[in-house]
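Novice: Okay, here's the structure, questions in a sec.
Just so you know, all these numbers are worked out from the coordinates, no wet-lab data involved. Since the model is a prediction, treat every value here as computed from it, not as a measurement. Here Cβ is always computed from backbone atoms with ideal geometry, including for glycine, and neighbour counts include all displayed protein chains.
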């Protein structure tokens, strides 16, 4: 019995000593390049092929036509493409919001960086929408007081970037000081509530738009921005967005 206990104690000491001495010396890795030299699995490829064909056919079916090519860099404070996207979000989202609340969306705010592609002149497909908006961003509507709207305007004034807006008009002077700002051609009232459609990404702090968190209420429409584009393309024939006076600087 004493012998067994001695053996057990010795074993425990050995294991403990081994654990104490174990430490990581180095990590080695090997780069495996994925290229054309790697042969495909025919069985897997044959299984996937009909699904791939179906998806590609859906993505490439023609929905509308673009009269010209449009880019998010074609203007300074507002662009034809940004204006188009903000206007589409309003047009497609407002009926949903009104059916839920009985109220109308007052304005739309998106972000310049969220536009990830151009619209090329010619046929528009669902793939166009996926290229423009590859993210899973959803439309949300935030109830903001007029005072917070003024902080939103100050943000746009300071950033001097063509963040897409709709139903909001901003005029700056030559020094980028605010001359006038209106929503739906009306002066902004400090204690009035305005319903702002935006993306859940921005509401959650994207592009440092922290003022959106100061909303009185949040309404989730469960409607992806990408899908607003696809649904609009389906009912449009030809799109001709333009740069306008919604956000300008005068000399």
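Novice: Please give the contour-minus-distance gain from residue 174 to residue 69: 0.36 nm per residue of separation, less the Cα-Cα distance, rounded to one decimal in nm.
Specialist: 34.8 nm
Novice: Right, here's the next one. Quote the FRET efficiency, to the nearest 0.05, computed for residue 187 versus residue 117 with a Förster distance R0 of 45 Å and r equal to the Cβ-Cβ distance.
Specialist: 0.75
Novice: Next question, about the same structure. What's the exposure ranking of 160, 246, going from fewest to most Cβ atoms within 10 Å?
Specialist: 160, 246
Novice: Moving on. When the expected Rg is taken as 2.2 N^0.38 Å, what fraction or multiple of it is the alpha-carbon Rg of segment 149-218?
Specialist: 1.11
Novice: Let me understand segment 83-181 better: what is its radius of gyration from the alpha carbons, and its Dmax, in angstrom?
Specialist: Rg, Dmax (Cα atoms, Å): 15.3, 43.
Novice: If the chain between residue 210 and residue 26 were fully stretched, how many nm would it gain, using 0.36 nm times the residue separation less the Cα-Cα distance?
Specialist: Here the answer is 61.8 nm.
Novice: With 21 Å as the cut-off, how large is the P(r) tail for segment 59-245, expressed as percent of Cα-Cα pairs?
Specialist: Here the long-distance tail beyond 21 Å is 48 percent of all Cα pairs in segment 59-245.
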